[in-house]
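J.: One structure, pasted below without further comment.
The values are calculated or read from the model by the stated rules, or taken from the named source; none is laboratory data. A quick note: this is a predicted structure, and the numbers were derived from the prediction, not measured. So basically every Cβ, Gly included, is an ideal-geometry build from the backbone, and we count neighbours across all protein chains shown.
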Amino acid sequence: MMRFVILTVILITYSSVAFGFYKESALLSSYLEIPPGLLEAVIMVESGGNPQAVSPKGAIGLMQLMPATARELGVRNPFNPNQNLVAGARYLAEMLARYDGSIPLALAAYNAGPAAVEKYNGIPPYPETVRYIEKVFQAWKVILDLNCLWSSSREF
């Protein structure tokens, strides 16, 4: 029963991301060479697809950008889902490039900052960051599985 509840929550969350921002995130992922589904997984974990989300630490919007990072990326209104999504995708792509395509390191830098990844010469030993990476990989797997189901169901 618990597994069904968890799957239902994931599907509802994915639906809000998929129908609200899927087209834009898929285009950005392709353009910025972010692996398919990864950007959507980050959105799911960061904000649950809520463009008005604000974390207790002050991160804002779909991609949960910190105000300083948003400013550095040229975001004028971090609550604007398009600005937030484009900036967050660019930042994620920058982290992937910085760490030679290493998704765990890029996610660690996205969550804890690149300075923390440099300091520890790898994933920082912060429980929040370790959990974050695990959650993104779990969400990514669900998204890829759902995309496979969706693609195969359209063949009939």
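Table: residues versus (1) modelled with pLDDT under 95; (2) surrounded by fewer than 20 Cβ atoms within 10 Å (Cβ to Cβ); (3) part of a helix (DSSP H, G or I).
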{"position": "Leu7", "(1), (2), (3)": "yes, yes, yes"}
{"position": "Glu24", "(1), (2), (3)": "yes, yes, yes"}
{"position": "Ser29", "(1), (2), (3)": "yes, yes, yes"}
{"position": "Met44", "(1), (2), (3)": "yes, no, yes"}
{"position": "Gly49", "(1), (2), (3)": "yes, no, no"}
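J.: Okay, next question. Out of Ala70, Ala93, I need the residue that is over 14 Å from the mean Cα position of the chain (by Cα), at pLDDT 95 or above, part of a helix (DSSP H, G or I) and surrounded by 17 or more Cβ atoms within 10 Å (Cβ to Cβ). Which one?
T.: Going through Ala70, Ala93 in turn, the sole match is Ala70.
J.: Right, next: Going by what's in this entry, would Leu146 be described as within 23 Å of Pro36 (Cβ to Cβ) and in a helix (DSSP H, G or I)?
T.: Yes, satisfied.
J.: Looking at the stretch 116-137, I want the residues that are modelled with pLDDT of 95 or more and in a helix (DSSP H, G or I) and have a partner that is surrounded by 14 or more Cβ atoms within 10 Å (Cβ to Cβ) and hydroxyl-bearing (Ser, Thr, Tyr) with Cβ atoms under 8 Å, at least 6 apart or on another chain. Which pairs are those?
T.: Ala116/Tyr126; Ala116/Thr129; Val117/Tyr99
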